[in-house]
1. Residues of the stretch 34-61 being of a type in the set (D, E, K, R) and surrounded by fewer than 17 Cβ atoms within 10 Å (Cβ to Cβ), which ones?
2. Kindly indicate which of Ser123, Ser151 is part of a helix (DSSP H, G or I), in contact (Cβ under 8 Å) with a residue 24 or more places away in the chain and within 20 Å of the chain's Cα centre (by Cα).
3. Within the stretch 87-105, track down each residue that is in contact (Cβ under 8 Å) with a residue 24 or more places away in the chain, open to solvent by less than 70 Å² (accessible area, probe 1.4 Å) and within 17 Å of Lys154 (Cβ to Cβ).
4. Just one of Tyr170, Tyr161 is at pLDDT 85 or above and loosely packed, with under 10 Cβ neighbours inside 10 Å; which is it?
5. Scan the stretch 50-66 for residues that are under 19 Å from Asp19 (Cα atoms) and touching a Ser or Thr at 6+ places or on another chain (Cβ under 8 Å) and jot them down.
6. Surrounded by 11 or more Cβ atoms within 10 Å (Cβ to Cβ), touching a residue at least 24 places away in the same chain (Cβ under 8 Å), in contact with a helix residue (DSSP H, G or I) (Cβ under 6 Å, 6 or more places away or on another chain) and not in a loop (DSSP other than H, G, I, E, B), is that true of Ala64?
7. Would you check which residues across the stretch 106-127 are out of contact with any helix residue (DSSP H, G or I) (no Cβ under 7 Å at 6 or more places or on another chain), open to solvent by less than 80 Å² (accessible area, probe 1.4 Å) and over 26 Å from Thr148 (Cβ atoms) and list them?
8. State yes or no: is Leu24 of a type in the set (A, V, I, L, M, F, W, C) and touching a strand residue (DSSP E or B) at 6+ places or on another chain (Cβ under 6 Å)?
Amino acid sequence: MTDLLAGLNREQQEAVLQDKGTILVLAGAGCGKTKVLTTRIANLVNSGVSPYEILAVTFTNKAAKEMVERLSKMIGEEKAKKMWIGTFHSISGRILRTDIAEYKDENGKSYDNKFVIYDDTDSNSILKTAIKNCSLDEKIYQPKLLKTIISNAKNKMYDAYTYATKARDYRTEKYA
């Protein structure tokens, strides 16, 4: 145990040794947050907590990768791989891929776990390619506007067919 705590100040040691409930670590860049969190996780695993019961949410993929690498060295790669460490989006994607087969839409259709979550750069690139491939005017069919339309349809839980049956081209409507 003393090896785990080596190099940590009093507040950091307190966070590592707190073994009841959740903790929130707020600190500026370079203050040792990742060291505290990885050490706390290693301490929990060494105390008998199952790696499957550990969730660590970070803001960046880089931070998540760093945590997994450090934990692999501290407690072993197999245990580190069993943990839920990542960004909100990556963890949410992992949950969906794990459980999506259990869900069906209102028509009884099952969902597939082979999906991709695109970031802004990817989605903009795909929309620009689609606009070009459909020979549409990018000044009229702006990627940002299309992303908003798609987002609104998803928020209403419309699939492509449902959206197509409800869609209207407001540019062609006559105003009284």
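The values are calculated or read from the model by the stated rules, or taken from the named source; none is laboratory data. All of these numbers come straight from a predicted model, not from anything done at the bench. Virtual Cβ from ideal backbone geometry, glycine too; neighbours counted across all protein chains shown. Surface areas here come from the heavy atoms of the whole protein model, side chains and all, with no ligands, DNA or RNA. Shrake-Rupley method; radii C 1.70, N 1.55, O 1.52, S 1.80 Å.
1. Filtering the stretch 34-61 for residues of a type in the set (D, E, K, R) gives 35, 40, 53.
Of everything in the stretch 34-61, those that are of a type in the set (D, E, K, R) and surrounded by fewer than 17 Cβ atoms within 10 Å (Cβ to Cβ) turn out to be Lys35, Glu53.
2. Working: Ser151 fails: in contact (Cβ under 8 Å) with a residue 24 or more places away in the chain.
Step by step, each of Ser123, Ser151 is checked, and only Ser123 is part of a helix (DSSP H, G or I), in contact (Cβ under 8 Å) with a residue 24 or more places away in the chain and within 20 Å of the chain's Cα centre (by Cα).
3. Taking the stretch 87-105 and keeping what is in contact (Cβ under 8 Å) with a residue 24 or more places away in the chain, we get 87-91, 93, 105.
Cutting the leftovers down to open to solvent by less than 70 Å² (accessible area, probe 1.4 Å) gives us 87, 90-91, 93, 105.
Selection gives Gly93, Asp105.
4. Values: Tyr170 fails: at pLDDT 85 or above.
So the residue among Tyr170, Tyr161 that is at pLDDT 85 or above and loosely packed, with under 10 Cβ neighbours inside 10 Å is Tyr161.
5. Going through the stretch 50-66, the residues under 19 Å from Asp19 (Cα atoms) turn out to be 50-57.
Correct list: Val57 only.
6. Numbers: surrounded by 11 or more Cβ atoms within 10 Å (Cβ to Cβ): yes; touching a residue at least 24 places away in the same chain (Cβ under 8 Å): yes; in contact with a helix residue (DSSP H, G or I) (Cβ under 6 Å, 6 or more places away or on another chain): no; not in a loop (DSSP other than H, G, I, E, B): yes.
Answer is no for this residue.
7. Scanning the stretch 106-127 gives a single hit, Gly108.
8. On the way: of a type in the set (A, V, I, L, M, F, W, C): yes; touching a strand residue (DSSP E or B) at 6+ places or on another chain (Cβ under 6 Å): no.
Taking the combined requirement at face value, the residue does not satisfy it.
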